[in-house]
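We did not get these values from a lab; they are worked out from the coordinates using the rules stated. Keep in mind that this is a model prediction, so the values were computed, not measured. Because the Cβ atoms are built from the backbone with ideal geometry, glycine has one as well, and the counts that use them run over all protein chains shown.
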Amino acid sequence: MKYLLVSAVLFIYYYMILGQDIAFPIDEDISHVSGGNSTVITERIAVSIPDSCPKDMLLYPGHSAKDAWVCDCRARFLYFPLNDSCYEAYRQGPCPPNNYVVLPENEAVPRCVENPCLEDGVVQYNGTCYPLRTRGGPCAPNGVIGVNETTFQLECVPTDIAPFVIIDVPRRTCPPGSRRSTLGVCKKI
């Protein structure tokens with residue numbers, strides 16, 4: 001009887017815990033807090049409060065204790081002063097078809113330029129067109145093509161620090177005429 005109970009517990013553990021298709025990211029990073037015994041905030045941390053800022057903007061604290069909170073573009077988004085909006089870099093945004101938003105080097109105002117790949121979300125990197133933020137391509141196996149959050153230039157971003165790559169779940173499909181049970185096993189129907 002004891003072996004039956006141990007077997008049942010191991011069976012449940014294996015299929016319910018180890019067979020999960022969902023993974024969660026590590027605990028919240030606290031790199032914005034200075035080291036040592038001091039707990040001084042060393043960078044601005046955005047706050048997302050619904051309806052407090054326009055689309056694609058987040059609420060940030062001002063630069064000093066006396067400043068009010070201000071709305072600013074999310075990471076990887078560029079501010080267009082002409083229409084007071086933020087748009088994701090290397091995406092069509094407010095630009096005409098077959099163009100995308102970029103921030104040219106040594107300039108402060110973004111502009112629309114022709115997309116050599118002629119498809120939204122696909123960018124030219126080292127002379128070849130690749131989709132943004134997808135695994136594979138020139139950055140494989142441990143990176144994706146992404147936008148540098150400081151320079152707004154294209155670069156290979158390691159997937160372990162990329163904010164948009166959480167998990168890479170393998171496809172688990174059942175053959176035609178069968179269905180996956182709650183234990184993760186395909187059974188004929």
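A few remarks follow.
- Couplings for the stretch 178-184, taken from phi via the Karplus curve 6.51 cos²θ - 1.76 cosθ + 1.60 with θ = phi - 60°, read 9, 9, 7, 7, 5, 8, x Hz in order; Gly and Pro are left as x.
- Backbone N within the stretch 83-100 under 16 Å of label point (7 Å from Glu119 Cα along the Cβ vector): 91-92, 98-100
- Protection proxy ranking of 175-187, 45-57, 131-143 - average other beta-carbon atoms within 10 Å, highest first: 131-143, 45-57, 175-187
- Per-pair calculated FRET efficiency, R0 = 22 Å: Thr151 and Leu59 via Cβ, rounded to 0.05: 0.35
- Taking 0.36 nm per residue of separation and subtracting the current Cα-Cα distance, fully stretching the chain between Asn142 and Leu183 would add 11.6 nm.
- The phi torsions of the stretch 125-142, fed into the Karplus equation with coefficients 6.51, -1.76 and 1.60 and a -60° offset, translate into couplings of 9, 6, x, 10, 8, 9, x, 5, 6, 10, 5, x, x, x, 9, 5, x, 10 Hz, rounded to whole numbers, with Gly and Pro shown as x.
- For Thr159, residues with placed amide H under 5 Å, excluding near neighbours: Gly143, Val144
- Summarising the amide proton neighbourhood of Arg91: residues at separation of 5 or more, or on other chains, whose placed amide H is nearer than 5 Å comprise Val101.
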